[in-house]
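A.B. asks: Dropping the structure in here first, questions after.
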Amino acid sequence: MFKATIDAYLLKDSIETLSVLVDEARFRISPEGIAVRAVDPANVAMVSFDLATDAFEDFSGDDCELGLDLSRVTDILAVADRDDKVHMELDEDAKKLMIQIGGFSYTLSLLDPSTIRAEPRIPQLELPAEIVLNGKDLQKAVKAAEKISDHMLLGVEGENFFMEAEGDTDRVKLTMSRDQLIDIKANDTRSLFSLDYLSDIIKPASKSNEVTLHLGKDFPIKINFSIANGAGTIGYLLAPRIESD
Amino acid sequence: MFKATIDAYLLKDSIETLSVLVDEARFRISPEGIAVRAVDPANVAMVSFDLATDAFEDFSGDDCELGLDLSRVTDILAVADRDDKVHMELDEDAKKLMIQIGGFSYTLSLLDPSTIRAEPRIPQLELPAEIVLNGKDLQKAVKAAEKISDHMLLGVEGENFFMEAEGDTDRVKLTMSRDQLIDIKANDTRSLFSLDYLSDIIKPASKSNEVTLHLGKDFPIKINFSIANGAGTIGYLLAPRIESD
Amino acid sequence: MFKATIDAYLLKDSIETLSVLVDEARFRISPEGIAVRAVDPANVAMVSFDLATDAFEDFSGDDCELGLDLSRVTDILAVADRDDKVHMELDEDAKKLMIQIGGFSYTLSLLDPSTIRAEPRIPQLELPAEIVLNGKDLQKAVKAAEKISDHMLLGVEGENFFMEAEGDTDRVKLTMSRDQLIDIKANDTRSLFSLDYLSDIIKPASKSNEVTLHLGKDFPIKINFSIANGAGTIGYLLAPRIESD
């Protein structure tokens, strides 16, 4: 059983955090809310998505799993107004999700969860550096890096966080000191990442005033932020690229 | 003889109601105004266009027929400001239309009307259901349906008007009750239409606060609305598709 | 030696006046400012660009020449905010330009000036007619002409400036009298120009309230305007096309 009502813009934002990495996802329903763990087809990035019942106007759910084609949900939500309420109800027998938005009634066929890639195990990593900054600053750095290269170095030097990109002929570097950041746990680290992935992840992250990065030396980066006034938490884990000098 | 002045935005809106169906049209001029009857190349949709002299700042015309390439007129109007006055004058000997807009003088070659498809005979149909609604509501339904399918069912069930689209796996339905409509003459009806055509027709119709639909059982739909504060009337007739169950 | 600070929007506007004609340019630095003379690859249009030190917040430069890939500079400036300050400094030994904008540090490899096409000699021409008008009016005329043809006639008839375009079937003409212009030195002239080039040149020119045209009979046109509150001057010279009647 699953039945819930949520603001359209909140559901849109939630789906976007997943659709930047995967086309289909298994939504794990429980009385506590909705959880998704997914990994992109190339095994480079993972996302942990948790939306507690507080994010919903009303929510009731037993343990079950829904398989959804994210682009179909995105299409439906594209017609909705930001302030519309979305009412969802699972029809278990028919294997369909009934969605009501702004007068429209949708009947969405569910995907068989067993045909969707299994949930990845999210590794526990010890990442010594932690940086908290505005998502907009991160987005600006990614955009500047894209003009120069297809990968980007993120790291901590002394008390500063830095982002650097180097192309065949040109280079760009942004250094942010403690007072330009919201917070920093400074430990010298540096890892190189693909801008393809960072550009996608930054889309939902840029809407958050407070994005937390966890960094190591040639280690994956963790990019965490919350949505729905804290009722939802999003965590990305992105594998590093090997730096060739 | 034909000589007239009209607001640029009004002429733009008028041309758009035709250009969604045809590339060229015969404009029938008379002392009462301008009339066009046209059918799309695939014989699926017709349009009846009538613009009375009240829509014009000044108008004088004898009975005559002008052949116009609509995309060329649209191109010219694209440069005009909304509030520009458009002055048109027929040069009968040269077979040209002289157009003056915002300082620019255009000389437009007319098409030989005999090379343009003849005016269709608009059939008289008995359509038992009549629905009056805001063009925006119709547009929203068409957009929702486009996400799911390439055709759309329109009909009346009991006291309600409904629009429904069904794709390979998903379905959407919008039901509007009497109090959500401007008016309804309710008679049970349903007909299926191509969204290709509905999407085009809805563009000009969505600008009208009051669009009237006439529906039957597997019959064509009539979509009527007025422009220019009632000085112009537009009527589309769209053939149904066969419903295969 | 070269070291300078300038508003980002001013540098953007400056680069745009060049990039509409060429991909790479030689920037001639002197204690008086920056000068560029460039000709497009097809030898149809030339640009003279001069930016005096007044345009800069601070400026110090010895005589030297910098080769720059304009698209790379444009990319970098695309990330900057309009109000950002751009600080540039030449690293002569490394043959690099160091650019600082809004916290970002860019290192841009210079092109060897000798690999860039040599500065053209700008011919001295006696052009009898001179028209001063708002760049927006010129832009509107170019846009109207583009809908009809791929070339455009500019000229003076009596006391009026005119712009005319003729396609296979249609024609457009704009006539501006002395009181619609800022100024005119009237002498009967007319020359035909390619709209490909005029469309490009008009992009930066349309931002100027005062564009000066110098015209002759089947002669090149000079299009001059200033930027940076008069601290910069831009002059285009565009070769005529042969009018075939």
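The values are calculated or read from the model by the stated rules, or taken from the named source; none is laboratory data. None of the values given here were measured: they were computed from a predicted structure. FYI the Cβ positions are ideal-geometry reconstructions off the backbone, even for glycines, and counts take in every protein chain you see. For accessibility, only protein heavy atoms count, side chains too; no ligands or nucleic acids. Shrake-Rupley method; radii C 1.70, N 1.55, O 1.52, S 1.80 Å.
A.B. asks: If the requirement is being farther than 17 Å from A:K143 by Cα, within 12 Å of the chain's Cα centre (by Cα), modelled with pLDDT of 95 or more and of a type outside the set (F, W, Y), which of these qualifies: A:G216, A:G232, A:G158?
C.D. replies: A:G232
A.B. asks: Quick one: in segment A:104-121, which of the residues that are surrounded by 14 or more Cβ atoms within 10 Å (Cβ to Cβ) and among the hydroxyl-bearing types (S, T, Y) is farthest from B:E146 (Cα to Cα)?
C.D. replies: A:S109
Residue-by-condition table, conditions (1) in contact with a Pro (Cβ under 8 Å, 6 or more places away or on another chain); (2) away from chain A (no Cβ under 14 Å):
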position: B:M163; (1), (2): no, no
position: B:L181; (1), (2): no, no
position: B:I184; (1), (2): no, yes
position: B:D188; (1), (2): no, yes
position: B:D200; (1), (2): no, yes
position: B:N209; (1), (2): no, yes
position: B:T212; (1), (2): no, yes
position: B:G230; (1), (2): no, yes
position: B:A239; (1), (2): yes, yes
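A.B. asks: When you check B:T175 against the structure, is it within 25 Å of the chain's Cα centre (by Cα) and either part of a loop (DSSP other than H, G, I, E, B) or at the interface with chain A (Cβ under 8 Å from one of its Cβ atoms) (or both), yes or no?
C.D. replies: Considered against the rule, which asks whether it is within 25 Å of the chain's Cα centre (by Cα) and either part of a loop (DSSP other than H, G, I, E, B) or at the interface with chain A (Cβ under 8 Å from one of its Cβ atoms) (or both), B:T175 comes out as yes.
A.B. asks: In this structure, does C:Q124 turn out to be within 14 Å of chain A (Cβ to nearest Cβ) and open to solvent by 60 Å² or more (accessible area, probe 1.4 Å)?
C.D. replies: Here the answer is no, as C:Q124 does not meet what is asked.
A.B. asks: Return the residue satisfying two criteria in turn: it lies in segment A:61-86 and is over 18 Å from A:D13 (Cβ atoms) and surrounded by 13 or more Cβ atoms within 10 Å (Cβ to Cβ), and of such residues it is nearest to the other protein chains (Cβ to nearest Cβ).
C.D. replies: Going through the qualifying residues, I end up with A:D69.
A.B. asks: Another question about this same structure. Filter segment C:51-60 down to the residues that are within 22 Å of the chain's Cα centre (by Cα) and either hydrophobic (A, V, I, L, M, F, W, C) or open to solvent by less than 50 Å² (accessible area, probe 1.4 Å) (or both) and list them by number.
C.D. replies: C:L51, C:A52, C:T53, C:A55, C:F56
A.B. asks: Kindly establish whether C:S226 is part of a loop (DSSP other than H, G, I, E, B), closer than 27 Å to C:E16 by Cα and in contact with a strand residue (DSSP E or B) (Cβ under 6 Å, 6 or more places away or on another chain).
C.D. replies: The answer is no for C:S226.
A.B. asks: Here are some conditions: (1) touching a residue at least 24 places away in the same chain (Cβ under 8 Å); (2) surrounded by 19 or more Cβ atoms within 10 Å (Cβ to Cβ). C:D170 meets all but one. Which one does it not meet?
C.D. replies: (1)
A.B. asks: When segment A:53-98 is examined, which residues are found to be part of a strand (DSSP E or B) and free of Cβ contacts under 8 Å to residues at least 24 places away in the same chain?
C.D. replies: Answer for segment A:53-98, where residues must be part of a strand (DSSP E or B) and free of Cβ contacts under 8 Å to residues at least 24 places away in the same chain: A:D91, A:K96, A:M98.
A.B. asks: Looking only at segment A:87-103, filter to residues that are within 13 Å of chain B (Cβ to nearest Cβ) and more than 18 Å from B:A141 (Cα to Cα); which one of those is least open to solvent (accessible area, probe 1.4 Å)?
C.D. replies: A:L97
A.B. asks: Here is a list: A:A38, A:A8, A:A25. Which entry is in contact with a Pro (Cβ under 9 Å, 6 or more places away or on another chain), open to solvent by less than 50 Å² (accessible area, probe 1.4 Å) and either of a type in the set (A, V, I, L, M, F, W, C) or within 17 Å of A:I122 (Cβ to Cβ) (or both)?
C.D. replies: Exactly one of A:A38, A:A8, A:A25 is in contact with a Pro (Cβ under 9 Å, 6 or more places away or on another chain), open to solvent by less than 50 Å² (accessible area, probe 1.4 Å) and either of a type in the set (A, V, I, L, M, F, W, C) or within 17 Å of A:I122 (Cβ to Cβ) (or both), namely A:A38.
Yes/no per residue for (1) assigned by TED's automatic domain parsing to the domain that holds A:T17; (2) part of a loop (DSSP other than H, G, I, E, B); (3) in contact (Cβ under 8 Å) with a residue 40 or more places away in the chain:
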residue	(1), (2), (3)
A:A141	no, no, no
A:I148	no, yes, no
A:G155	no, no, yes
A:N187	no, yes, yes
A:D200	no, no, yes
A:P204	no, no, yes
